[in-house]
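Written out below as structure tokens is the structure these notes cover.
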Amino acid sequence: MTAEEVAQFFRTHPKFFDQHPELLESVFVPHPHGGRAIPLAERQILALRDKVKLLEGKLGELIQFGEENDAIGEKVHRLSTALLGTRDFAATAQALSLHLREDFSVPHVALRVWGKPLPEGALEGAAVSEELRARVETMGPPQCGAAAGNPFLAWFGDAKEHVRSIALMPLGQTKSFGLLALGSEDAQRFYAEMGTLYLRRIGELTAAALAARL
């Protein structure tokens, strides 16, 4: 009988060892981590322990992800509350920048708004070229990636020399009227493959708060 035939026999007779439990103590197999041969029953126990360790590791990761998401969700909630409590555009822009820096640890924030009546002298109303507006209009969901070569990098002024990664959030649903740009000095903070659910929500909250005050 070949090894494959033996394996097939056990596959088609899964209750074989239930009917012959004494064989579990008489069949010896190599220890999974090397060394002496051990009974089949002991090998099964070791295999189950390895599976339990693997599942515990995965469960730990899920718990960690859940805790991280809860923490981010709480920060988004605080941002929402702060934006709802503002009375004018200037206060909204200030609250947005403050919470992004303090709560989300984003050191560099740039906001531009066009096609709306802004307070005179507002930095957020600085001229934006038609080319950049067109880019925002076709951007879709938030975009993340390296700062080098990004056409919006100049918006960070003197700080642009320190920005290594950028997240861009178009403002507006049917038609964009602005862009919120976040800059980090960590090259891995905002990367192309990262999830953007919370960035999208921050962009939507920002757009709604600004539109209501312009």
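Points to keep in mind about this one:
- Answer residue from region 95-115, given it is assigned to a helix (DSSP H, G or I) and open to solvent by less than 20 Å² (accessible area, probe 1.4 Å) and is nearest to residue 183 (Cα to Cα) among those: 100
- Scoring residue 88 on the criteria (1) surrounded by 13 or more Cβ atoms within 10 Å (Cβ to Cβ); (2) closer than 22 Å to residue 177 by Cα leaves a single failure, condition (1).
- Subset of region 120-131 that is free of Cβ contacts under 8 Å to residues at least 40 places away in the same chain and outside any loop (DSSP other than H, G, I, E, B) - its residue that is surrounded by the most Cβ atoms within 10 Å (Cβ to Cβ): 125
Table: residues versus (1) at pLDDT below 90; (2) farther than 25 Å from residue 118 by Cα; (3) assigned to a loop (DSSP other than H, G, I, E, B).
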residue: 35; (1), (2), (3): yes, yes, yes
residue: 44; (1), (2), (3): yes, yes, no
residue: 51; (1), (2), (3): yes, yes, no
residue: 93; (1), (2), (3): no, no, no
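- Residues that are among the acidic types (Asp, Glu) and either out of contact with any His (no Cβ under 7 Å at 6 or more places or on another chain) or free of Cβ contacts under 8 Å to residues at least 12 places away in the same chain (or both), drawn from region 156-214: 158, 161, 186, 193, 204
- Top-ranked residue in region 59-83 [being surrounded by 12 or more Cβ atoms within 10 Å (Cβ to Cβ) and polar (S, T, N, Q); ranked as nearest to residue 203 (Cα to Cα)]: 80
- Of the criteria (1) part of a helix (DSSP H, G or I); (2) crowded, with 16+ Cβ neighbours inside 10 Å, which one residue 134 fails: (2)
- For residue 168, the requirement of being part of a strand (DSSP E or B), within 22 Å of residue 68 (Cβ to Cβ) and not polar (S, T, N, Q) is not met.
- Filter pass, residue 154 being touching a helix residue (DSSP H, G or I) at 6+ places or on another chain (Cβ under 8 Å), open to solvent by 40 Å² or more (accessible area, probe 1.4 Å) and aliphatic (A, V, I, L, M): yes
- Of all residues in region 160-186, those that are open to solvent by 20 Å² or more (accessible area, probe 1.4 Å), in contact with a strand residue (DSSP E or B) (Cβ under 7 Å, 6 or more places away or on another chain) and over 19 Å from residue 114 (Cβ atoms) total 2.
- Looking only at region 137-163, and only at residues there that are among the polar types (S, T, N, Q) and assigned to a loop (DSSP other than H, G, I, E, B), the one that is farthest from residue 198 (Cα to Cα): 150
The values are calculated or read from the model by the stated rules, or taken from the named source; none is laboratory data. Since the structure is predicted, the reported quantities are computational estimates derived from the model, not experimental observations. Cβ atoms come from the backbone with ideal geometry, glycine included; neighbour counts cover every protein chain shown. For the accessible areas, the whole protein counts, side chains as well, though only heavy atoms, and no ligand, DNA or RNA atoms are used. Shrake-Rupley method; radii C 1.70, N 1.55, O 1.52, S 1.80 Å.
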